[in-house]
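In what follows, a structure is listed as structure tokens, so that the remarks can point back to it.
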Amino acid sequence: MPADAAVTDKLPHVSSSVRKYLGGSGGQAPRDRGGAAAARPRGFFANNPSVLIFIACLAVFTLAVTILSEGLGLGIISTSFVKTLGKTLCLCLVAIAMDLVWGYCGILSLGHFAFFGLGGYMIGMWLMYERTRLIVVDSLANAPLPPTPDEVRDGIATQIFGVVGASDFPAVWAFAHSLPIQLALVVIVPGLLALVFGWLAFRSRVTGVYLSILTQAMTLALALYLFQNDSGLRGNNGLSGLQNLPGLEAVPQALISVWFLWGSALALGLGYVLAAWVVSGKLGSVIRGIRDDEARVRFLGYPVEGFKLFIFTLTAVIAGIAGALYYPQAGIINPAEIAPIASIYLAVWVAIGGRGRIYGAVIGAAFVSLLSTWFTGGQAPDLPLGIYTVQWVDWWLVLLGLSFVLVTLFAPKGIGGLFDLVSHQRHPDRHGADLGPDMGSYREQEAQE
Amino acid sequence: MSTLLEVSGVSVSFDGFRAINNLSFSIGPTELRAIIGPNGAGKTTFMDIVTGKTKPDEGRVLWGDENASLLRMSESRIAQAGVGRKFQRPTVFEDQSVFDNLMMALKKPRNPFKVLVFRPTSEDEDRVVALAEEIGLAAHLSRKSGELSHGQKQWLEIGMLLAQEPRLLLVDEPAAGMTLAEREHTTEILKEAAKTRAVVVVEHDMEFVRRLDCKVTVLHEGSVLAEGSLDHVTKNKDVIDVYLGR
């Protein structure tokens, strides 16, 4: 160990403890000694084994559902359950976004479902426009004169907006005829909203609970605006019939549901890799630094506001994409979807799954939302307590709230923390307190021996 | 002698209390300076002003050869310009390894997009290892810094400051909570650093200041009371009255 010897010779004051360690531990835990090379194995996947494991699990899951589905396989899983699973994958994706912004960067945003909903609205506009156009063109086909473009347009507008007593296209529908533009808007609209909102909030150094309240206000304001009939997005009716893809009427829903499952799985996989890549490098270090001590990061010379804005906007875009995949599977989107409570659920999922680790967010979202579907779908058996029968449809929220409190108090690492037990990773949490009087000794190892 | 930092006529009040009162102070590009003073003399506020955390009510803070005003810069711009600060309480990122802490501090582009695509080269890693050796943490690179002892955290923070390659180091009570051996090592690091840059040390501990063996500025009620060698200022009547004679 020439390198270590050189170190200890140069630093007589620490030499005793280091020598004791080197002599006493004899080859144990070489990772502690090799310096940078040992601390950093090369390669993204080598550094992040969880990514490959996750991709493998996701692939197996998707394949299994496909084989068991009605559309392409044995028909054991119903089409509606395939849709539920596909939607769950989208919720997992938005949970990853929440974990990035909250678990890594420390910004407790309670408004990310606004971006999710906006993504859904953007794709929903095209779906509804195009499908209505096909119906209108169909119905006018038998007219003695071929319809003019204006007639078709008016017909579509009357069909879509008759329910809110209007017959003209509002300005926000200007690009609804174009799939590429609406797909671009899925990314641009949530991203732009996050950019402007974040710039205003972070520049004023609004942090902590005040920022959370501000994001709640944002999503509430957006929901209330969309509830109005003259918002241009059909008020509380929302956009409906989104499960019917224009031009694919002949394809059964059983098959479409599998396609969307694949699309959602692909987006989730890519989102996972992207999130893991973002947090694996120095940017990950910096944003975790911002979470733990914002002022210190600033004095290191990093423009904290820029980093927060980057993460906030990136996660808004991810949320928008997740929403654009979710609502065609749900079939309908209305302003109630972006009510403040939805974003709070998102935080609950991430907290229960374990924030600060990407797979934790995925597990939390999948576990809690599927459980929620089971309980609120009336499938859970009632619990007779003699004098009172617990009906889970009513009591599920109580159970969820209780488990949220319990997880926060007793298992702050969430479900993801269980993986630390399996992999024998231990993070001694002594808040920097010394175990013994010897300042240079290896307290972590002492604690484990 | 040219000056690196020139603070002149700076005053700042908090709710009517004058924390800094017409303070003037300057330091050259390679100089070690100790600032002493009783509690409430304005030592920390002085550092807050230089690093941009607090904006003064009046006065000028000029920096470098171009005499740029630090008052118009944000904290992160000032840090990028070359002002490094060490806090009283060691503030390292406890959830991250010693290596990551040092790598984060290393002088590199600070723009979010550059940081996103940044991957350390082997020179960067060698530099981190060299720094870790300098601060006596070479054997602890992969440990979480939250596990380090108090003194080791202080060193890690000094190492992070050195990694930033600042032209001016502001060090707030570096010796607090250190053992005698650790203090000696800290003195060496600071003296070594002052050969290539300006170092300002705020300290309560007279013994530590004596060991630094440098020019001393005594602050009292927000302005400079005396300046000179430690022996010179400790003989000063005013200094004895307000600080030492009690």
Q: Would you mind finding the one in A:ILE123, A:ILE156, A:ILE160, A:ILE181 that is modelled with pLDDT of 95 or more, over 30 Å from A:GLY354 (Cβ atoms) and either over 27 Å from the mean Cα position of the chain (by Cα) or buried (at least 24 other Cβ atoms within 10 Å of the Cβ) (or both)?
A: A:ILE123
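For the stretch B:47-71, which positions are within 23 Å of B:GLU165 (Cβ to Cβ) and more than 14 Å from chain A (Cβ to nearest Cβ)?
Keep residues of the stretch B:47-71 that are within 23 Å of B:GLU165 (Cβ to Cβ), which gives B:47-53, B:61-70.
The answer is B:VAL61, B:LEU62, B:TRP63, B:GLY64, B:ASP65, B:GLU66, B:ASN67, B:ALA68, B:SER69.
Considering only the stretch A:286-297, how many residues are touching a Gly at 6+ places or on another chain (Cβ under 9 Å), without any contact (Cβ under 8 Å) to a residue 24 or more places away in the chain and within 7 Å of chain B (Cβ to nearest Cβ)? It would help to see each step written out before you state the result.
Within the stretch A:286-297, the first condition is being touching a Gly at 6+ places or on another chain (Cβ under 9 Å), and the residues that meet it are A:287-288, A:290-292, A:294, A:296-297.
Among the residues that remain, those that are also without any contact (Cβ under 8 Å) to a residue 24 or more places away in the chain are: A:296-297.
Imposing the further condition that a residue be within 7 Å of chain B (Cβ to nearest Cβ) reduces the set to A:296.
So the answer is 1.
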(Q) Filter the stretch B:116-128 down to the residues that are facing chain A (nearest Cβ under 7 Å), within 20 Å of A:ALA276 (Cβ to Cβ) and outside any loop (DSSP other than H, G, I, E, B) and list them by number. (A) B:LEU116
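Residue-by-condition table, conditions (1) of a type in the set (Gly, Ala, Ser); (2) crowded, with 17+ Cβ neighbours inside 10 Å; (3) at negative phi:
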site: A:VAL186; (1), (2), (3): no, yes, yes
site: A:ALA201; (1), (2), (3): yes, yes, yes
site: A:VAL209; (1), (2), (3): no, no, yes
site: A:GLY232; (1), (2), (3): yes, yes, no
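Looking at the stretch B:86-93, can you tell me whether even one residue there is assigned to a strand (DSSP E or B) and more than 24 Å from A:LYS308 (Cβ to Cβ)? Please lay out each step first, then the result.
Within the stretch B:86-93, the subset assigned to a strand (DSSP E or B) is B:86.
Subsequent filtering for residues that are more than 24 Å from A:LYS308 (Cβ to Cβ) retains B:86.
Yes, there is a match, as at least one residue in the stretch B:86-93 is assigned to a strand (DSSP E or B) and more than 24 Å from A:LYS308 (Cβ to Cβ).
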Q | Residues of the stretch B:106-115 classified as outside any helix (DSSP H, G or I) and not aliphatic (A, V, I, L, M), total | A | 5
Q) Hey, does the stretch B:203-218 have a residue that's surrounded by fewer than 20 Cβ atoms within 10 Å (Cβ to Cβ) and closer than 15 Å to B:GLN88 by Cβ? A) yes
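Just one of A:ALA217, A:ALA265, A:ALA276, A:ALA223 is farther than 30 Å from B:ARG85 by Cβ, within 22 Å of the chain's Cα centre (by Cα) and within 14 Å of another protein chain (Cβ to nearest Cβ); which is it? First the steps, then the outcome.
On the way: A:ALA217 fails: within 14 Å of another protein chain (Cβ to nearest Cβ); A:ALA265 fails: within 14 Å of another protein chain (Cβ to nearest Cβ); A:ALA223 fails: within 14 Å of another protein chain (Cβ to nearest Cβ).
Sole residue among the options that is farther than 30 Å from B:ARG85 by Cβ, within 22 Å of the chain's Cα centre (by Cα) and within 14 Å of another protein chain (Cβ to nearest Cβ): A:ALA276.
Residue by residue, here is whether (1) within 14 Å of chain B (Cβ to nearest Cβ); (2) at negative phi; (3) surrounded by fewer than 23 Cβ atoms within 10 Å (Cβ to Cβ); (4) not in a loop (DSSP other than H, G, I, E, B) holds:
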{"position": "A:LEU314", "(1), (2), (3), (4)": "yes, yes, yes, yes"}
{"position": "A:VAL317", "(1), (2), (3), (4)": "no, yes, yes, yes"}
{"position": "A:TYR327", "(1), (2), (3), (4)": "no, yes, no, yes"}
{"position": "A:ALA336", "(1), (2), (3), (4)": "no, yes, yes, yes"}
{"position": "A:ILE344", "(1), (2), (3), (4)": "no, yes, yes, yes"}
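Pull up the stretch B:28-44, narrow it to residues that are of a type in the set (Val, Ile, Thr) and surrounded by fewer than 21 Cβ atoms within 10 Å (Cβ to Cβ), then point me to the one that is nearest to B:THR234 (Cα to Cα). First the steps, then the outcome.
Of all residues in the stretch B:28-44, those of a type in the set (Val, Ile, Thr) come to B:30, B:35-36, B:44.
Now restrict to residues that are surrounded by fewer than 21 Cβ atoms within 10 Å (Cβ to Cβ): B:30, B:44.
On the way: B:THR30: 24, B:THR44: 22 Å.
This residue is B:THR44.
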**Q.** Conditions (1) crowded, with 18+ Cβ neighbours inside 10 Å; (2) touching a residue at least 60 places away in the same chain (Cβ under 8 Å): number failed by B:THR196
**A.** (1)
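Any residue at all in the stretch B:84-96 that is in contact with a Pro (Cβ under 8 Å, 6 or more places away or on another chain), more than 8 Å from chain A (Cβ to nearest Cβ) and closer than 20 Å to A:ARG296 by Cα? Spell out how you get there, then give the answer.
First pass over the stretch B:84-96, keeping only residues in contact with a Pro (Cβ under 8 Å, 6 or more places away or on another chain): B:84, B:86.
Adding the requirement that they be more than 8 Å from chain A (Cβ to nearest Cβ) leaves B:86.
So of that shortlist, the ones also closer than 20 Å to A:ARG296 by Cα come out as B:86.
There is at least one residue in the stretch B:84-96 that is in contact with a Pro (Cβ under 8 Å, 6 or more places away or on another chain), more than 8 Å from chain A (Cβ to nearest Cβ) and closer than 20 Å to A:ARG296 by Cα.
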Q) For B:PRO38, which of the numbered conditions (1) closer than 27 Å to B:GLU207 by Cα; (2) within 14 Å of chain A (Cβ to nearest Cβ) fails to hold? A) (2)
Q: Show the residue pairs that are 6+ apart or on different chains and have beta-carbon atoms under 8 Å apart, the first residue being within the stretch B:97-115 and more than 12 Å from B:GLU157 (Cβ to Cβ) and at the interface with another protein chain (Cβ under 7 Å from one of its Cβ atoms), the second being part of a strand (DSSP E or B) and not aromatic (Phe, Trp, Tyr).
A: B:SER97/B:LYS144
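Residues are listed down the side, and each one gets a yes or a no for (1) more than 14 Å from chain A (Cβ to nearest Cβ); (2) among the polar types (S, T, N, Q); (3) farther than 25 Å from B:LEU23 by Cα; (4) touching a residue at least 40 places away in the same chain (Cβ under 8 Å):
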{"position": "B:ALA130", "(1), (2), (3), (4)": "no, no, yes, no"}
{"position": "B:THR186", "(1), (2), (3), (4)": "no, yes, yes, no"}
{"position": "B:VAL202", "(1), (2), (3), (4)": "yes, no, no, yes"}
{"position": "B:GLU207", "(1), (2), (3), (4)": "yes, no, yes, no"}
{"position": "B:CYS214", "(1), (2), (3), (4)": "yes, no, no, yes"}
{"position": "B:GLU227", "(1), (2), (3), (4)": "yes, no, no, no"}
Q: Would you check if B:HIS204 is modelled with pLDDT under 90 and under 19 Å from the mean Cα position of the chain (by Cα)?
A: yes
Q. Of the residues that sit in the stretch B:133-149 and are aliphatic (A, V, I, L, M) and facing another protein chain (nearest Cβ under 7 Å), which one is farthest from B:LEU162 (Cα to Cα)?
A. B:ALA139
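List the helices (runs of 4 or more DSSP H) inside the stretch A:1-116, counting only whole elements, that have at least 2 residues being more than 14 Å from every other protein chain (Cβ to nearest Cβ) and modelled with pLDDT under 80. It would help to see each step written out before you state the result.
Working: elements: A:2-10, A:12-25, A:36-39, A:44-47, A:49-68, A:79-98.
Once the helices (runs of 4 or more DSSP H) in the stretch A:1-116 are filtered for at least 2 residues that are more than 14 Å from every other protein chain (Cβ to nearest Cβ) and modelled with pLDDT under 80, nothing remains.
What about A:GLN243, is it closer than 30 Å to A:VAL362 by Cα, among the polar types (S, T, N, Q) and either free of Cβ contacts under 8 Å to residues at least 60 places away in the same chain or not in a helix (DSSP H, G or I) (or both)?
Against the criterion (closer than 30 Å to A:VAL362 by Cα, among the polar types (S, T, N, Q) and either free of Cβ contacts under 8 Å to residues at least 60 places away in the same chain or not in a helix (DSSP H, G or I) (or both)), A:GLN243 qualifies.
The values are calculated or read from the model by the stated rules, or taken from the named source; none is laboratory data. Quantities reported herein were computed from a predicted structural model and do not represent experimental measurements. Don't worry about glycine lacking a Cβ; one is built from the backbone with ideal geometry, like all the others, and counts go over all protein chains shown.
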